[in-house]
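Notes to accompany the following structure.
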Amino acid sequence: MSGDSAAASAPVHRGRERAGSVFRWGVAVLACLWISWCTCIGPIMRSDVGLAAFGVKNVLIFIAAFAVTFGIVLGLRWLGLRPARRMADRTGGAVTADAADSAGNAGKAGKASGRANRAEYVRKLLSGKLRMPAKLAQPHPRLRKFAAACARIVTKATDRWWKLWLIFLIGWLWVPATLLTAYGADINSQAREFSWAWNQWIGIKEPYIGFFSFVPMDIYPTAHYLWPSTTTYLTDQHNIVLTVFYGAVAAISRYFTGSNDAGYVTLSALQWLFATFAVASCANRFFNVPWVRRKALNDSHDSRGTCVSRDRFRRPELGAGWTQVDFAHPERGVRMATGTGACAAACATGAADRGNRPAKAIARFLIVLFFLTCPLVLFSTISITKSPLFAFGFVWWFGCLYEMYMTTKPKRKRDRTGYSPRNRSAVSTPSEEGVAEPMTKRGESPERVRRSTVVAMVLSVCVMLISAKYAWYILVAQIVLAILADRRRWKFYLATMLLPVIVIHGGTMALVATGKIIDGDPIESKGVQIQMIARVAKYDPESIPQSARDKLEPIFNLDQMAEAYSRQDADPVKSSGIQSKKVSYKWRTVTAEDMKQFNSAWLEIVEASPRVAIDAFFMECYGYFDIFDPPYVEMTYYVNNDYVQGSSTWIKDYNHEWRDTVAGSVFSWSRIPVLGWYVHGNFYVTLTLLVGAAELVLRRWRTLAWHMPLLILMGVMVMAPANNFERHMLPLVFVFGFLLLQFYRDSHRYARRDEEKRPGREPKKTV
């Protein structure tokens, strides 16, 4: 009976595997198709002609873009599976107890394979297992010595968080010292809101609701039906916490200096200090895996089998389980550490977790170099806008999530006694001293989280919540995914993520409900729909049904919408800004009942003119995934715009020409083909999506669970009111280097699992 049931379940199992493979590759292909589509329609979208001009040239661009993007996914998949193939070559396709007990023999076998004859080399070349000849694999001794010295210097300079903090502090010092600050219209509006609210608190009467009155809530217009009957001038348009804090600092500056300038410089300096700390904290977690130092893993041993992992960690460039050939000559390289029993098995087979080894010097150098040279990072450190602050808080939070991911214990099957097979086998395999290792039950207590990580998680979540309204959507989604991936620490996730969401977001909603502040206008979340209506009103007004016109009449003036329409930005249609503007959005007279008809009217207009509406949709979001599309608003805008260079009191006289020079140089750099991608945010967004597709193909489900916030941020970009707005892409730009480092480490962490599931392999004997 058992044989029949096994034979019957085999086709079902194969069917599930086939369906899973189709799903994974299908989603990866869809990601490549989306990027290719956005790339191929770029030229006709930039010329504002729309899909009507789609032709053979666009088809060729689409094919070329798909070939490149899908090739990148295949290349990442090959790199992700390469450690498993190398492990199979080294161990002969199986990890046996005999191989595990002979670590030295494994090293000799590796040397022998390096001296293969020409026929063996040709065979490996044809089979895809290319190995460089031993003589060519070893560079010149002086070059090796120089490389080893550089590696040790880089690693020693970045092996503690305070060293990283000093590097970023010194490396970014020229930005606040020479540019002072960077800002736009948002902070002026926040300062104005707080100023009017302060006047109200001290008894100075200000105009409130009235047709001829113009108050701060009318700048980024908040519909009057949202205003409470009790007079208030604070809104949640730019997040109430930031509005109060920024406005208070600006008010203090006006009291002592007569202008907002000193307050803005102070805010930029504070954000610059926070940025150095957040990036250093995240880099420390990815570079130095500090939780390993606390756990003191038993993965390095001397000739007696004594654990020396604490000493090994002082030399992170060696990696766990490795020792130098000659400590007096580090340029001679390293060799596998030898031990006894299960320890030797771990060293010989690579079972020691490569993911928990400190980063190599080359990864440290490249990531630090990126943070010190990329203008997107440099200008963000002093830009007093909510998006850069959210991005640095996100980087801090991303590092905490990585620690949670790395310290999650993998699930193992348990037998009837409740013990895992690996722990049970330890009883039958005594150590060299003849003492059996004790059995421990699996999953009774979760991994203890470091106190610093608990504090960092709470504070980073709070920074994200007070800087971006959509942060609570990301956090709630991540709470669910984190509990599914690491359910034994569910209390930790609820306490560090859900509780701040309830306190901050719930507190804001309570203030709105009691009339203390004014809620943000829901029209802000309808940017894509507004653009569709405005484009149809401009290019195909005859198609708009009369019923849709009647529903929109209390909300928008269609003629003004058509005149104010801009293909890349919905703000003019929403009547946003303090400048003289077309009143297309009737925020003074619209009611909540009128807004209920908006979605119905939008749907009728899309059905009446689908092509023009689709043009508006893609023009609103294609630039985030088209690396050839220049940014609509670059981060250089906040350095030398008219608010900084013209309207400020004394900031405009400090290094005025230097700001123009810096911004102009970066602008020229960004327009250089290929080389300019380095300073374009959509370059990192596109590559992040491709890395996620490769992780899906490689079945790294737990990794995807921790990286889901990156995908949610891409959805936020698509729904944003502006196309290719660089400050919306900053979180993905900042964590991209860490994402690649994690992909490399995961390739080694998943190597054993992938090797075990390769077809035609015999089951391995667990040591």
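No lab work stands behind these numbers, since they all come straight from the coordinates. It should be emphasised that the depicted structure is a prediction, and the values quoted were computed from it without experimental measurement. FYI the Cβ positions are ideal-geometry reconstructions off the backbone, even for glycines, and counts take in every protein chain you see.
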Counting only residues 5 or more apart in sequence or on a different chain, those whose built amide H sits under 5 Å from that of THR235 are ILE518
Considering only the other residues whose Cβ falls under 10 Å of the Cβ of VAL215, what net charge follows from Lys and Arg at +1 and Asp and Glu at -1? -2
Where only alpha carbons of the stretch 611-684 are counted, the Rg and the Dmax (Å): 15.8, 50
Can you list the equivalent-ellipsoid semi-axes of the stretch 182-273, largest first and in whole Å, using the square root of 5 times each Cα gyration tensor eigenvalue? 25, 15, 11
Roughly how many Å is it from the Cα centre of the stretch 565-642 to that of the stretch 689-736, as a whole number? 23
Ranking VAL735, VAL292, VAL68 by Cβ neighbours within 10 Å, fewest first, what do you get? VAL68, VAL292, VAL735
Excluding VAL49 itself, what net charge comes from residues whose Cβ is under 15 Å from its Cβ, given Lys and Arg +1 and Asp and Glu -1? +3
Which order do ASP186, ASP571, ASP615, ASP559 fall in if you start with the one that has the fewest other Cβ atoms within 10 Å? ASP559, ASP571, ASP186, ASP615
In the stretch 650-750, the chymotrypsin sites (Phe, Trp or Tyr not before Pro) that sit in a DSSP loop and have at most 16 other Cβ atoms within 10 Å of their own Cβ are TRP650, TYR654
Considering only the other residues whose Cβ falls under 14 Å of the Cβ of VAL377, what net charge follows from Lys and Arg at +1 and Asp and Glu at -1? -1
I need the calculated FRET efficiency for the pair THR230 and TYR632, taking r as the beta carbon distance and R₀ as 35 Å, to the nearest 0.05. 0.35
Output the relative contact order of the stretch 521-620, whole-number percent, from Cα pairs under 8 angstrom with separation of 6+ residues. 41
Given 274-281, 712-719, the highest-first ranking by average Cβ count within 10 Å works out to 274-281, 712-719
Loop only per DSSP, at most 12 neighbouring Cβ atoms within 10 Å: give me the chymotrypsin sites (Phe, Trp or Tyr not before Pro) in the stretch 171-220, ordered by residue number. PHE211, PHE212, PHE214
